[in-house]
Amino acid sequence: MKKTIQLSAGSLASVLLLASIVSGCGSDENKEGTASPSPGTASAGASPAAAATPKAPVTIKMFNRVNAGIVLDNNPIVAEVEKLANVKLSIEAPPINNYVDKLQVMMASGDLPDLIYNWGGADANMETWAKNGLLAPLDDKISKYPNLMKNITKEMWDGVKSVNDGKTYLIPRPNIINHWGYIINQQWLDKLNLKAPTTLDEFTEVVRAFTKKDPDGNGKDDTYGVSFSNPTLGNNSIWNASNFLAAAFDLPGSNGAKDTDGTYKIREKMSGYLPFLTYLKQLNDEKVIDPEFLINKIYVDQEKLNQSKIGMMYSHQYGVMGNLAKDKESDKKYTYHGVLKDSKGVAHDWVTPATWGGWMINKNSKNIDEVLKFLDWGNTVEANTLFQIGKKGLTFDSYDPANKSIIRTAEQATKLTTLTSTYMTIANAVNGEPAIIENADTPEKLAKFKAQLEVAQKQMTVVNVPAVRSPKILNLNSTIPDLVKKKDDQEMKFITGAITLDQFKSFLEKEWYPGTADAEKEYVDFMNKIGK
């Protein structure tokens with residue numbers, strides 16, 4: 001008899017129930033309660049002849065950002081996707097670490113596949129590619145696809161319209177709502193008799209201890225309290241990767257939030273900007289921050305956490321369980337926590353529309369409608385469940401969508417990591433929810449996930465931030481790239497002590513503020529208008 005693992009998730013009250021599926025092959029339901037047939041599947045009113053002769057599948061060439069452990073050749077999950085969606089997929093998947101670089105090269109070549117994933121969503125790159133005539137405008141087509149219209153909210157659609165011509169060139173990839181904070185080495189905390197920090201003073205105490213008190217017990221001075229990496233496109237490594245810390249200075253990680261005085265400003269004029277950079281300089285001066293944060297690429301901080309070189313990094317609520325794919329002991333070593341409180345005791349959880357990049361379609365593709373049918377199917381429970389938990393008998397034995405309980409063997413769990421993941425999804429959430437909490441495949445793991453999220457949510461105050469579609473502020477990297485690079489360099493030089501605070505302020509006053517004045521005015525006017 002094979003050994004199985006029973007997962008009972010009935011206690012996960014914060015997760016909404018998914019629509020019922022049948023062995024991973026059910027279909028989503030529309031607002032009238034009738035089933036929406038999968039592409040290539042005969043509807044209830046179809047004639048027997050039509051049902052017997054489904055349309056031949058079209059080959060869709062796809063460029064996607066897929067995690068390194070996935071083996072695409074002869075992949076049975078991809079084969080099942082092709083069967084259910086009635087397509088043939090030809091997938092090119094460059095390594096995640098240089099996906100954006102490969103994407104840029106491909107787009108410049110002009111030799112484009114049918115379907116292209118843009119991690120940055122409706123960013124300056126998308127705007128440029130649309131303006132250059134590489135992308136198909138989709139406004140006249142998308143309303144024909146019920147699952148796209150049902151699963152993608154108005155806020156998501158508004159957030160991807162081109163700032164150049166107001167058209168839609170990108171299908172948002174719906175995501176779960178992430179609550180960004182940090183994950184920390186709980187074993188180090190326990191050894192040093194410390195608690196996870198909730199305030200700036202507590203954070204300072206912890207990073208000092210993690211650096212100077214030999215938390216890993218190897219007798220060497222080889223650990224640091226915290227590190228950052230570059231998770232964003234075109235930014236230096238401190239932004240977003242440090243938002244859990246910047247929150248202590250009332251400094252949001254994205255545009256669209258007000259300053260402490262209730263007005264909109266560019267980040268470099270917000271009240272917490274200079275105090276935050278000054279604090280980072282203090283950490284660097286004390287050598288309690290990983291000195292390589294200046295050059296860390298994406299996920300390097302995660303690698304250092306798993307190598308016990310650092311004790312803390314930014315993350316959302318799924319970080320600990322997601323890290324199990326790289327460290328099987330993650331749920332025992334690390335814990336997730338929310339952002340730090342500010343001086344008034346408020347921990348601001350800035351939440352933007354929940355999307356994870358989006359899908360662009362080659363304007364010259366001969367299969368635009370077929371690609372849209374595929375994306376429409378990808379926004380169903382059937383598709384999301386298949387991509388996230390795999391195929392019955394292969395990666396699990398049974399699954400109950402009502403309470404997210406799953407029975408799978410250890411071998412099946414291992415197999416899953418080579419066949420599919422959240423990176424493979426067309427939509428990473430349906431009705432705002434995932435099919436399952438990734439890697440939380442035992443009652444104990446799921447209970448830990450739930451408990452840590454509940455504590456973080458009680459600590460934080462959610463601030464919903466709208467999508468910002470103010471062209472000039474969004475396109476600074478392309479309109480004034482040299483000045484943006486200089487500003488990033490000046491920030492780093494100040495943090496590392498290469499220039500003084502007065503020199504940095506002089507740069508802001510004489511160069512940055514004048515160079516961004518028009519963009520700031522447009523941004524402020526835009527935010528005040530939509531805020532009415």
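Using a Förster distance of 60 Å, how high is the FRET efficiency between L501 and D165, based on the Cβ-Cβ distance and rounded to 0.05?
0.90
Once you've got the Cα coordinates, tell me which of K102/K521; K281/K309; K281/K304; K366/K485; K88/K304 are over 28 Å apart.
K102/K521; K366/K485; K88/K304
Just check the chain against the gyration tensor rule for me: Cα atoms, a ≥ b ≥ c as the square roots of the eigenvalues, rounded for a/c under 1.5, and otherwise prolate or oblate depending on whether a/b exceeds b/c.
oblate
S405's amide H: which non-local residues (gap 5+, or another chain) put their own amide H closer than 5 Å, with H modeled 1.01 Å from N in plane and none for Pro or chain starts?
Result for S405 returns A9, D400.
Need the list of aspartates and glutamates near K487 for cross-linking: C-alpha distance under 18 angstrom, and skip anything on the same chain fewer than eight residues off.
E268, D502, E509, E511, D518, E520
Less than 20 Å apart at the alpha-carbon level, and either on another chain or at least 8 residues along: which lysines does that give for K150?
Straight-line reach from K150, under 20 Å: K31, K141, K161, K167, K373.
Once the Cα atoms of helix 481-495 and of the chain are each reduced to a long axis, what angle between those two axes, in degrees from 0 to 90 to the nearest 10, is obtained?
The helix 481-495 is inclined about 50 degrees to the chain.
Please state the shape class of segment 366-420: rounded when a/c is under 1.5, otherwise prolate if a/b exceeds b/c and oblate if not, all from the C-alpha gyration tensor.
Since a/c reaches 1.5 but b/c is at least a/b, the shape of segment 366-420 is classed as oblate.
Below 19 Å, Cα to Cα, which aspartates and glutamates can K131 reach? Residues fewer than 8 away in the same chain don't count.
D111, D114, D123, D139, D140, D158, D165
Would you mind checking which residues have amide H under 5 Å from T335's amide H? H placed 1.01 Å from N; only 5 or more apart, or other chain.
Answer set, sorted by chain and number: I184, Q186.
Taking a probe of 1.4 Å, how large is the accessible area per residue of the chain, in Å²?
Roughly 45 Å² per residue, with all protein chains present.
At 1.4 Å probe size, with the rest of the protein present, what percent of the exposed accessible area of segment 307-412 is carbon and sulfur atoms?
48
Quick one: what are the phi-derived ³J(HN,Hα) couplings along segment 278-289, Karplus 6.51/-1.76/1.60 with θ = phi - 60°, whole Hz, x for glycine and proline?
5, 5, 4, 4, 4, 4, 5, 4, 7, 6, 9, 10
Using helices alone, I'd like the mean residue ellipticity at 222 nm for the chain: each DSSP H run of four-plus residues gives -39500 (n - 2.57), total over residue count, nearest 500.
Counting only the DSSP helices, I get -9500 deg cm²/dmol.
When you count, for each residue, the other Cβ atoms within 10 Å and take the mean per peptide, how do 335-345, 105-115 rank with the highest first?
Going by the mean number of other Cβ atoms within 10 Å, highest first, we get 335-345, 105-115.
Assign one of three labels to segment 309-467, namely rounded, prolate or oblate, based on the Cα gyration tensor with a ≥ b ≥ c the square roots of its eigenvalues; rounded applies when a/c is under 1.5, prolate when it is not and a/b is larger than b/c, and oblate otherwise.
Note, shape of segment 309-467 comes out oblate.
Please identify the chymotrypsin sites (Phe, Trp or Tyr not before Pro) of segment 431-532 that satisfy two criteria: DSSP loop assignment and at most 13 other Cβ atoms within 10 Å. Which are they?
Sites meeting the loop and neighbour criteria: none at all.
How do the peptides 120-129, 410-419 rank, highest first, by the average count of neighbouring beta carbon atoms within 10 Å per residue?
In descending order of packing, they fall as 120-129, 410-419.
The values are calculated or read from the model by the stated rules, or taken from the named source; none is laboratory data. Just so you know, these numbers come straight off a predicted model, no measurement behind them. Cβ atoms come from the backbone with ideal geometry, glycine included; neighbour counts cover every protein chain shown. Note: accessible area is taken over every heavy atom of the protein model, side chains too, but ligands, DNA and RNA are not part of it. Shrake-Rupley method; radii C 1.70, N 1.55, O 1.52, S 1.80 Å.
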